[in-house]
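As structure tokens, the structure follows; a few thoughts come after it.
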Amino acid sequence: MTAAHRYSIARKMKLLCLAQLLHFAHAAQPALRRRSLIATAPLTLLRPAHAAERYIDQKVVAELGADGQPVAYETVRRLTGEGTGLDLSRNEDISERIFIDAANWPAAAPFSENDFKRLDENDDAQFYPAQQPRLVYHIDEGAVAALTAYYKREIKPGSDVLDICSSWVSHYPQNLKMGRVAGTGMNERELRANTQLTEFTQRDLNKVPQLPYKDRSFDVVTCVVSIDYLTQPIKILKEARRVLRPGGKVILSQSNRMFMTKAVRMWVSMGDEDHLELIGQYLKYAGGYGAPAAYDISAKGRGARDPMYIVTATAV
């Protein structure tokens, strides 16, 4: 066999191997794409092609100049709470278990000033600095999806909604057409990044426990995993009742995470179900609400770890 003949055979074998490698690589693309999802996404579930988008890449202001105008931007990924493939059907009414002792609650609020002390009593503006917005999530994607699904069931189209202790996300369904959507929160730049709000007011409700809205302005008031940070929660819920229309709802969602240095003292020493009972007591002592109800709406499925609970009451 001549050298030229051997070279020709070797070249053909090399081309054949290359063709096989390309074939295998093409066939493996879906698996590689799945492994990429597993490595980078908060959940590992695949969704059908027609499902809603799981996230939106959003450009937000990263830096302001001396004149207060944007000089730099960054892209952040906002979860939509949809398209996860999780089982979001849970809507378990746990009111009877949570509020089993409601008939024995004292007529007047039994809390002391010490109950609302915190490990970190410094100004909250130091913890939530104006120039350092937290464009992150404090609950996992399963809890976000569970809350979004609950809102889809419970908030009627056209509702005027107020989100207190709001941030750069409010977790409302993307396709839910609401009326006025107002927000109050600690950080103005976070509120500016919240594309679901039609208006906002920066306010530290621990310093000024008043909502800057007229009586009977809203159909729904929401508060997402934040009531544990309020040092005057009963006053805030009185305010929520004032701005709600008769028959309107307050929806208070809670998981099991917290900034321990900023949560009030009695909250830190309690478990999840005790937290729900405490929120029910806040509502009772605020007045103007019907009996509170509690629900476990936690998502089920691979990757869903954080629980999600609701305590809700109707303005009467």
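Here are the numbers:
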read-out	value
Pair list, Cβ < 6 Å and 6+ apart or interchain, from the range 256-279 residues that are free of Cβ contacts under 8 Å to residues at least 60 places away in the same chain to residues that are surrounded by 18 or more Cβ atoms within 10 Å (Cβ to Cβ) and not in a helix (DSSP H, G or I)	Asn256/Pro307; His275/Gln254; Ile279/Leu252; Ile279/Val311
Scan of the range 188-215 for residues that are under 16 Å from the mean Cα position of the chain (by Cα) and either surrounded by fewer than 19 Cβ atoms within 10 Å (Cβ to Cβ) or under 23 Å from Gln126 (Cβ atoms) (or both), ordered by number	Glu190, Leu191, Ala193, Asn194, Thr195
The range 166-219, residues that are touching a strand residue (DSSP E or B) at 6+ places or on another chain (Cβ under 7 Å), among the β-branched types (Val, Ile, Thr) and over 25 Å from Tyr55 (Cβ atoms)	Thr184, Thr201
Positions within the range 228-255 being surrounded by fewer than 19 Cβ atoms within 10 Å (Cβ to Cβ), touching a Leu at 6+ places or on another chain (Cβ under 8 Å) and without any contact (Cβ under 8 Å) to a residue 60 or more places away in the chain, in sequence order	Arg242
Val169 being in a helix (DSSP H, G or I) and either modelled with pLDDT under 95 or within 11 Å of the chain's Cα centre (by Cα) (or both)	no
Residue under evaluation Glu188, criteria (1) among the acidic types (Asp, Glu); (2) more than 18 Å from Pro133 (Cα to Cα); (3) at pLDDT below 95, criterion not met	(2)
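The values are calculated or read from the model by the stated rules, or taken from the named source; none is laboratory data. Just so we're clear, the structure is a prediction, and the values are computed from it rather than from any experiment. Quick reminder, even Gly has a Cβ in these numbers, built from the backbone with ideal geometry, and neighbours come from all protein chains shown.
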